[in-house]
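Asker: Mind looking over this structure? Questions follow.
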Amino acid sequence: MSSIAADPRVHAQQAFSLAVSAVCPDRLVRDALNVKHGSATQLQVKDVELAVTRGVNLLSFGKASVKMARAAESVLGDQLRSGIVISQPESDATGLRSEVHLGSRGNIPDARAVQAATKALNMARQCGDGDILLVLISGGGSALLPVPVGSISLEDKVSTTKALATAGASINELNTVRKHISAVKGGKLAAAAYPANVVSLILSDVLDDPIDVIASGPTTFDPSTFADALNLIESRGLAALVPQSVIEYLRAGAASGADETLKEGDARLSRSKNFVIGNNRMAAEAALRFLCEKGFEGRIETLCLRGDTAHAAHRIAETARQALAELDHEQENKKGKKMCVIFAGETTIDMKGSGTPRKIGRGGRCSHMALMVAAELQGEGGWTLLSAGTDGQDGPTDAAGAFCDGSTIQRSQALGLSYKEALETFDSYTFFEQEGGLFRTGLTGTNVMDLHILLCCRK
C-alpha cells in the first residue's frame, strides 16, 4: 500500500527485508573473493593475493556459514582442498561439498558443535607452510565453535555463559570470558594453523566491528586477559553461580599467565589477515534508502544502540514523541509529511537484577523492546515500530521480533492480556503472539544484530 497511514507495517517490513538483503552473505563473499589463473594460481581476498599450491582449506561457522560457504565453494571451484561448515540445525546445507556439521540449537553450544569445532581445530593444525586456510565468520560463531579447555566441561561453559547473559553482560563481556575458557578462541585458531596463511572474511554482529569480539576472535589478537575475565564474573557477584572449574581455571591463568590468549605482535598471527565484509551500517542504510524513496524524511539515529533494553526503549519512545511533535508543528505547511528514524545495535536484558519473577516466559531483546515502547506510548497515535533481529531469531524463539503502535496495549487489554505481567516475566513473545504483533521471517542466513524501524505520520 502506498499510504503509511493506511498500513505502516508494510513499509517497515519491506525496509527490513531490503536491509537483510543488503548484507546477503552470498554477494558479500563473492565480492571479496577471487581465484586468478595464470602461470600460477592465486587466491585474491580483497587486496591480498596468495599463491595456491595445494588448494584452499575452508572453515565456515556462524549463522551465515552455509550461505558464505556456498559462495566460497563456487568461487574456489576445484581449488577447494577440504572444508568444514558448522551451522544451526535448521540450516539447509544441500549441495555443499564441504563436510557439514549442524549444532548449537537456540545458540546454545552442544556436543555436536564441540565435535565439529574439534575437527576444525585439527584441520587447522594440519595446515603447513604455504597452505591457505580460508575462514568465514559470522554472528553466532562463538556458540558454534566451542572447544572447552582443561577440566572445564561443555556444561560448565554453558552455565557460565547463561549466568553472564542473565546478569545483562554485553557481548564484549561475554566473549572476554568465552575466550579465556576456550582452546580455539582469542587467536588460538590462527595459532593452530601457523605457519599457514589464514585469511578471514567476517560478517560483523558486534557494535563497531571489533574483530577480537566477533565470534570471540579466533583469528586475531585479544587485548583482554584472564584477570579481566575473572573480574567480570566477580564484579557482577556471579562467582557462586559460575562452575568452580571455570573460577579455578581463570584464577590459575591470572596468577601464572600460562595459556593466555594471543596478544598483539605474536608471531603466530603474522600470517593471519582479517576483513570485515558486512555490518549493520550496510543494513541500516539500505532500509533508509528504501523509506526515503517512499517519501519519508528520516535518518539513522545510531548504529550503536547498546546497554539496557529499558533505557533504549525510552530513547526510542522519546524520539517518537519528538517526531510527532514536529509533524504537528508543520502539519499546516506540509500535509502528509512522513518521518522515519532507524536505530541499529544490540541491547541487553538484566533478568537477574529485576528481582525474581513468578516465572520466566519466552521472548528476546526485540519483542521486549517493542512491548516497552508500546507501554510508554500507549494511546498516542501516528507511530509504528518494528523491532527485529536481522538473523530472524529474537532470543530463543521462532520470531524475528515484533510490531507495535499506539493501539497495541489497547488491543491486548481487549484480549485480556496484561502487558505489565508480560514485561515482569519476560514473556513478550507470548504477549505478541496473542496480540497479533509477532514478526516472523524464518532464519535469514545472515546476522548484523538488530534493527528498530520507527515510522511516524499524522493523518
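Asker: May I ask which of Lys338/Lys459; Lys294/Lys459; Lys294/Lys337; Lys185/Lys263; Lys119/Lys263; Lys46/Lys273 have a Cα-Cα span longer than 19 Å here?
Answerer: On the way: Lys338/Lys459 10 Å; Lys294/Lys459 16 Å; Lys294/Lys337 11 Å; Lys185/Lys263 12 Å; Lys119/Lys263 25 Å; Lys46/Lys273 10 Å.
Over 19 Å Cα-Cα: Lys119/Lys263.
Asker: Summarise the accessible area of the chain (1.4 Å probe, protein heavy atoms) by the percent that is carbon and sulfur.
Answerer: Result for the chain: 48 percent of the exposed heavy-atom area is carbon or sulfur.
Asker: Just want to confirm a number: the relative contact order over segment 80-228, from Cα pairs under 8 angstrom separated by 6+ residues, in percent. Walk me through the numbers before you get to the answer.
Answerer: Working: 242 pairs, mean separation 37.7, N = 149.
Relative contact order of segment 80-228: 25 percent.
Asker: Another question about this same structure. I need two numbers for segment 213-300: Rg to one decimal and Dmax as a whole number, Cα atoms only, in Å.
Answerer: 20.6, 61
Asker: Can you tell me which lysines have their Cα less than 26 Å from the Cα of Lys420? Leave out same-chain residues fewer than eight positions away.
Answerer: Those lysines meeting the cut-off are Lys162, Lys352, Lys359.
Asker: What's the percent breakdown of Cα-Cα distances in segment 347-418 across 5 Å bins, shortest bin first?
Answerer: Answer for segment 347-418: a P(r) of 3, 16, 21, 23, 21, 13, 2, 0 percent.
Asker: Shifting gears a bit: Quick check of the Kirkwood formula: for segment 121-192, what is the inverse mean of 1/r over all pairs of different Cα atoms, in Å? Walk me through the numbers on the way to the answer.
Answerer: Values: mean 1/r = 0.0745 Å⁻¹.
Computed over Cα pairs of segment 121-192, the Kirkwood hydrodynamic radius comes out at 13.4 Å.
Asker: Next up: Calculate, in whole percent, how much of the Cα-Cα pair population of segment 417-459 lies beyond 11 Å. Walk me through the intermediate numbers first.
Answerer: Details: 686 of 903 pairs.
The share of Cα pairs beyond 11 Å in segment 417-459 comes to 76 percent.
Asker: If contacts are Cα pairs under 8 angstrom and at least 6 residues apart, what is the relative contact order of the chain in percent? Mind dumping the intermediate values first?
Answerer: Numbers: 1033 pairs, mean separation 74.7, N = 459.
Relative contact order here is 16 percent.
Asker: Determine the per residue accessible area of the chain with all protein chains present and a 1.4 angstrom probe, expressed in square angstrom. Walk me through the numbers on the way to the answer.
Answerer: Working: 18100 Å² over 459 residues.
Counting only protein heavy atoms, the per-residue value for the chain is 39 Å².
Asker: Just the ratio, please: alpha-carbon radius of gyration of the chain over 2.2 N^0.38 Å, N its number of residues. The partial results should precede the final answer.
Answerer: Values: Rg = 23.0 Å, N = 459, 2.2 N^0.38 = 22.6 Å.
The chain yields a ratio of 1.02.
Asker: How many percent of all Cα-Cα pairs in segment 363-459 sit more than 23 Å apart? Can you show the working numbers first?
Answerer: Values: 912 of 4656 pairs.
I get 20 percent for the Cα pairs in segment 363-459 exceeding 23 Å.
Asker: Based on a Kirkwood Rh over C-alpha pairs, give the Stokes-Einstein translational diffusion coefficient of segment 3-156 at 25 °C and viscosity 0.890 mPa s in µm²/s.
Answerer: Working: Rh = 17.1 Å.
Rounded to a whole number, D works out at 144 µm²/s.
Asker: Determine the dipole magnitude for segment 401-444: charges of +1 sit on the beta-carbon of Lys and Arg, -1 on that of Asp and Glu, nothing else is charged, the reference point is the Cα centre, and the result goes in debye to the nearest 20.
Answerer: Working: 3 positive and 6 negative charges, 24 e Å.
The dipole of segment 401-444 has a size of about 120 debye.
Asker: Separate question: Size of the dipole of the chain about the Cα centre, Lys and Arg at +1 and Asp and Glu at -1 on the beta carbon, nothing else charged, in debye to 20? If you can, show how the numbers build up before the last one.
Answerer: Working: 48 positive and 52 negative charges, 133 e Å.
The dipole of the chain has a size of about 640 debye.
Asker: While we're here: How big is the shadow of the Cα convex hull of segment 161-214, averaged over all directions, in nm²? List each step's numbers first, then the result.
Answerer: Details: hull surface 16.9 nm².
That works out to 4.2 nm².
Asker: When DSSP assigns beta bridges and you keep just the ones with both residues in the chain, what percent turn out antiparallel, to the nearest 5? Don't jump to the answer; show the numbers that get you there.
Answerer: On the way: 31 of 67 bridges.
Within the chain, antiparallel bridges account for around 45 percent of the total.
Asker: I would also like to ask the following. Would you mind counting up the charge near Thr220? Only other residues with Cβ under 14 Å from its Cβ, with Lys and Arg at +1 and Asp and Glu at -1. Let's see the in-between values first.
Answerer: On the way: positive: Lys179, Lys185, Lys188, Lys263, Arg268, Arg271, Lys273; negative: Asp209, Asp212, Asp222, Glu264, Asp266.
Surrounding charge for Thr220 is +2.
Asker: While we're on this one: Quick one: angle between helix 111-126 and the longest Cα principal axis of the chain, in degrees between 0 and 90, rounded to 10, please.
Answerer: 40
Asker: On to the next question. Need one number: nm distance between label points at Asp350 and Val10, each 7 Å from Cα along Cα→Cβ, rounded to one decimal.
Answerer: Taking the simple label geometry, Asp350 and Val10 are separated by 4.3 nm.
Asker: For segment 32-109, what proportion of DSSP beta bridges, expressed in % and rounded to the nearest 5, is antiparallel? Walk me through the numbers before you get to the answer.
Answerer: Values: 8 of 18 bridges.
Rounded to the nearest five, the antiparallel share is 45 percent.
Asker: Kindly provide the pair-distance distribution of segment 52-107 built from C-alpha pairs, with 10 Å bins from 0 and whole-percent values in order of increasing distance.
Answerer: 26, 53, 18, 3
The values are calculated or read from the model by the stated rules, or taken from the named source; none is laboratory data. Keep in mind that this is a model prediction, so the values were computed, not measured. Cβ atoms come from the backbone with ideal geometry, glycine included; neighbour counts cover every protein chain shown. Accessible surface areas use protein heavy atoms only, side chains included; no ligands, DNA or RNA. Shrake-Rupley method; radii C 1.70, N 1.55, O 1.52, S 1.80 Å.
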